[in-house]
Amino acid sequence: MQIILLERIEKLGTIGDEVSVKDGYARNYLLPNKKALRANDANRKIFEANRARIESDNAARREEAKAEAGNVDGKEVVLIRAASNAGQLYGSVSVRDIADGLIAQGCKVTKAMIVLERPIKTIGVFDVRVSLHPEVAVTVKANVARSPDEAELQSKGVDVIDAMFDTEVGGFTEAYDPNAEPGEIPADLLDDAPQADA
């Protein structure tokens, strides 16, 4: 389907571009959200008549997003989740969790602004892109941990899973004498043992 874009769409085009997209994408997303118009003569005339207003509205929204970007950029959202000893989460971190964390810190964001490249299913610190406007994007950190103490360590750059396995010590190890017969008590233990009266 041929459409006229009313705002910049990543990997598609900018305001006024006439592009071809799949019918479902146009019908289910672009047209209902007023991000595009069907490309026909009537809509081309409407777009050209309103082009200056559309571009000025976009510029105003972009400036508003740039002002908010300073408040959002570099924020860290700490998410405490249950996880296995290997660091695998029981579930995953969703866009809603990150949006709620940012809103709790006073940021003006919505779920639609959060861009997760792939689901977060392990503990650690992850960079998450927040698209405040099609032309304004910032990065926040999602710190996923099992406890607040662990989250604090992770924010300092410590990999808690590696640290846990590095500090793990083995259990009891028995002294080994290669010359001893099976079942024989080592000589150093015999010297320490109290002597029985014969």
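Evaluate the following for Ala112: is it more than 20 Å from Thr14 (Cβ to Cβ) and either in contact with a Gly (Cβ under 6 Å, 6 or more places away or on another chain) or surrounded by fewer than 15 Cβ atoms within 10 Å (Cβ to Cβ) (or both)?
Working: more than 20 Å from Thr14 (Cβ to Cβ): no; either in contact with a Gly (Cβ under 6 Å, 6 or more places away or on another chain) or surrounded by fewer than 15 Cβ atoms within 10 Å (Cβ to Cβ) (or both): yes.
It is false that Ala112 is more than 20 Å from Thr14 (Cβ to Cβ) and either in contact with a Gly (Cβ under 6 Å, 6 or more places away or on another chain) or surrounded by fewer than 15 Cβ atoms within 10 Å (Cβ to Cβ) (or both).
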*Has segment 97-107 got any residue that is at pLDDT 90 or above, farther than 30 Å from Asp57 by Cα and outside any strand (DSSP E or B)?*
yes
*asked:* Any residue that is in contact (Cβ under 8 Å) with a residue 24 or more places away in the chain, under 15 Å from the mean Cα position of the chain (by Cα) and surrounded by 14 or more Cβ atoms within 10 Å (Cβ to Cβ) - is there at least one of those in segment 53-72?
replied: yes
_Checking Asn43 against (1) surrounded by 17 or more Cβ atoms within 10 Å (Cβ to Cβ); (2) farther than 30 Å from Pro148 by Cα; (3) in contact with a strand residue (DSSP E or B) (Cβ under 6 Å, 6 or more places away or on another chain); (4) free of Cβ contacts under 8 Å to residues at least 60 places away in the same chain: exactly one of these is not met. Which one?_
(1)
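The values are calculated or read from the model by the stated rules, or taken from the named source; none is laboratory data. Keep in mind the model is a prediction, meaning the values are calculated, not measured. Note that each Cβ is placed from the backbone with ideal geometry, even for glycine, and that neighbours are counted across all protein chains shown.
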